[in-house]
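The values are calculated or read from the model by the stated rules, or taken from the named source; none is laboratory data. All values derive from a computational prediction rather than experimental measurement. Reconstructed Cβ throughout: ideal geometry from the backbone, glycine too, with neighbour counts over all protein chains shown. Heads up: the accessible areas ignore ligands, DNA and RNA and are worked out on the full protein's heavy atoms, side chains in. Shrake-Rupley method; radii C 1.70, N 1.55, O 1.52, S 1.80 Å.
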Amino acid sequence: MDSICRKWLPAQMIQVFLDRTGIPAGKAGHQLTSKERRNIVLGMKDFRFTVTGHRPFQEAIITAGGVSTAEIHPTTMESKRIPLLYFAGELVDLDADTGGFNLQIAFSTGWLAANACMAALTRTDRSPQLPGPI
């Protein structure tokens, strides 16, 4: 199970997640019961924790990855693959030594996405219905 979780979670969270769901790390995916699969879904959707402190600034890191900028229209933040799906902030793969400017990236991409989404939903030449299953 831990090898499957590597696709979804940072390495340091895998054992904590499995402990919370009650699933043994070595259990194969095809051996999961329906209750265990449900625990995984619920655990992913509602993983709660309490922050008890912080690390020094020198250890501050950002999360790498996200949706490739090649798959996003840069002026609207809309997906090039799925109409009416917008990305902003740390969902976008923008890694840099930002020095706090990641907040500016989040605000700017959020503004672009929100405005483009509202414009798309109010245009008459484009249906506001979401696309079907992918």
Exercise. Given H placed on each backbone N at 1.01 Å, which residues far from Ile72 in sequence or on other chains put an amide H within less than 5 Å of it?
Worked result: Lys80
For this session: For Lys27, go through the lysines and keep the ones whose alpha-carbon is under 22 Å away, minus same-chain ones fewer than eight residues off.
Result: Lys7, Lys35, Lys45
For this session: Could you provide, to the nearest whole Å², the per residue accessible area of the stretch 1-82 with probe 1.4 Å?
Result: 78 Å²
For this session: Could you order Leu84, Leu42 so the one with the most accessible surface comes first? Probe is 1.4 Å.
Result: Leu42, Leu84
Seminar exercise, completed: Distance in nm between Asp2 and Asp46 label points, each 7 Å along Cα→Cβ, equals 2.8 nm
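Which order do the peptides 108-116, 2-10 take when ranked by the mean count of other beta-carbon atoms within 10 Å per residue, highest first? Write out the running numbers ahead of the final one.
Numbers: 108-116: 16.2, 2-10: 13.1.
Going from most to least packed, we get 108-116, 2-10.
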Exercise. In what sequence, largest accessible area first, do His30, His73 appear using a 1.4 Å probe?
Worked result: His30, His73
